Amino acid sequence: MKKGIKKLGIVAVAAGLTALALGGCGNSKKADSGEKTITVSVDKNYYKYAESVKGEFEKENHCKVVVKKNPTMDTLQKLSQDEQSGNAADVMLAPYDQVGTLAKQGLLANVTLPTDGRYNSRDKQNVTLKGKQYGDPATIETLVEYYNKDLVKDAPTTFDQLSQMSKDPKYAYAHDKSKNVAFLCQWTNFYNAYGVIKAYGGYVFGDNNTNPKQLGLDTPGAVDGIKYMTSWFNIWPKGMQATTSNENFITSQFTKGKTAVVIDGPWMAQTYKKDGMKDNLGVAALPMLPGNRQYQPFAGGKAWVINARSNQKALAKKFIDYLTTEKNQTLFYKDTQEIPANDQSRAAAVKSGDPLAVAVNNQYQKSDPMPNIPEMTEVWTGAQNLLVNAASGKETPEQAAKQATKQIKQQIKQKYHVN
């Protein structure tokens, strides 16, 4: 996901969504020529792609596709209000974790996924709520390891290696030599930290993230994972305890050659390259945690979804199926550098030898699908508080986990009446 889509932006979407739309219809209509029209709302990063592929679809289906540029988060926030006014688009992109929330509120149309083998079971799970699908998977995302080839010859494969590097005085922080920046990760962000909690035995919801009555962020395993992350905050500069500014700090240290290894998402690759790391940027799957534990971050991405009030659902479904063919997913990948969900085009990207595609694909197979039930929206803030309080020493990992779990349960109970 792009930075604006993941992380706390997810919470903003949830806050902006209201109950079931009371009426209205999609923004599709017939053109003066009698052709059917569908409207597609995309972020500016995807506008060029959508415009470039729509012509063939229009010709084959004797219709008109109107592509509009709107920030993804704004589109989803305003979906309910726009439906009532008749201004909502027929087709849009939605992060997987929001698909369930939007679907439960009646804002997304139920769809039948193509049966031509373009998706595997993990891809399908990302758009499934209670046995029904609510979109065609478009991209896959998960955390990966970035490293500076000028500082380390090969990608570190274990956190023990990272620990040893963090004792090297050449990576001492310039403004406090008692701290070290050899390896950095924004672990005050739950999106990044979850993989460690999962590796040690914690989880978000029970029954494979489908049971909101059972939370696993204060289990003994989860606490062990939090303790491990907390130990790194004793090595890092104090600024790493921040909630947002630490990401800019990490990017600056990495691109200036002060930090050898960072963990972040595929959306950061272009930023690193633009900041001068074109030839010395390495990327790999995540290193193993102590005890040979597999770092298991969220497996996420985005799906093409359809407005439930669209009066051109059949045409809209044809269009999202068209967008997710092998040919068009390959074009999407070439244009955006985002890893496609379509298995065939993803395999082609991996076969091409693109290090980012290889790393994301390998790590995705070992990652945990992000919960897409509506209750997930109540987890982000409480989990962030957990990590910040533990990192700063304000609370012990046990206290922070217990308090955060209590907070999350209360919010879920209040909003969804789940005990």
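The values are calculated or read from the model by the stated rules, or taken from the named source; none is laboratory data. Owing to the predicted nature of the structure, the values given are computational and were not obtained by experimental measurement. Here the Cβ positions follow ideal geometry from the backbone for every residue, glycine too, while neighbour counts run over all protein chains shown. Note: accessible area is taken over every heavy atom of the protein model, side chains too, but ligands, DNA and RNA are not part of it. Shrake-Rupley method; radii C 1.70, N 1.55, O 1.52, S 1.80 Å.
Of all DSSP-defined beta bridges confined to the chain, some 65% are antiparallel rather than parallel.
Rg over Rh for segment 157-285 works out to 1.01, both radii taken from alpha-carbon positions and Rh defined as the Kirkwood radius.
From the C-alpha gyration tensor of segment 279-409, pull out the three semi-axes of the equivalent ellipsoid (sqrt of 5λ each), sorted largest to smallest, in whole Å.
Working: eigenvalues 243, 123, 24 Å².
Here the semi-axes work out to 35, 25, 11 Å.
Ignoring ligands, DNA and RNA, please state the percent of accessible area on segment 228-315 from carbon and sulfur, probe 1.4 Å. Carbon-and-sulfur percentage of accessible area, whole number: 46.
Residues in the chain average 41 Å² of solvent-accessible surface per residue, probe 1.4 Å, ligands and nucleic acids excluded.
Students often get this wrong, so check it: of 198/394; 124/351; 68/415; 167/402, which have C-alpha atoms separated by over 30 Å? Cα-Cα > 30 Å for 68/415; 167/402; rest within.
When only C-alpha pairs under 8 Å and at least 6 residues apart count, what is the relative contact order of segment 203-271, in percent?
13
Only Cα pairs under 8 Å and 6+ residues apart enter the sum, and on that basis the relative contact order of segment 40-161 stands at 20 percent. Modelled spin labels at residue 152 and residue 292, positioned 7 Å past Cα toward Cβ, are 2.1 nm from each other. Please report, to two decimal places, log10 I(q)/I(0) for the chain at q = 0.06, 0.09 Å⁻¹ as given by the Debye formula with identical point scatterers on the Cα atoms and no solvent. Calculated log10 I(q)/I(0) at the listed q: -0.25, -0.56. Amide H to amide H, with H built 1.01 Å from N, residue 141 comes under 5 Å of 300, 301, counting only residues 5 or more places away or on other chains. Expressed per residue, the C-alpha convex hull volume of segment 76-231 stands at 198 Å³. Going by accessible surface with a 1.4 Å probe and the largest first, 351, 278 read 351, 278.
Computed with a 1.4 Å probe on the full set of protein chains, the accessible area for residue 264 sits at about 10 Å². Straight-line cross-link reach from residue 256 at under 20 Å between alpha-carbon atoms covers these aspartates and glutamates, not counting any fewer than eight positions away in the same chain: 145, 150, 154, 168, 176, 247, 264, 275, 279. Each Lys and Arg adds +1 at its Cβ and each Asp and Glu adds -1 at its Cβ; summed about the Cα centre, the chain shows a dipole of about 420 debye. A simple packing score, the average count of other Cβ atoms within 10 Å per residue, orders the peptides 372-381, 325-334 as 372-381, 325-334, with the highest score first.
Using C-alpha pairs under 8 Å with a sequence gap of at least 6, the mean separation divided by the residue count of the chain gives a relative contact order of 25 percent.
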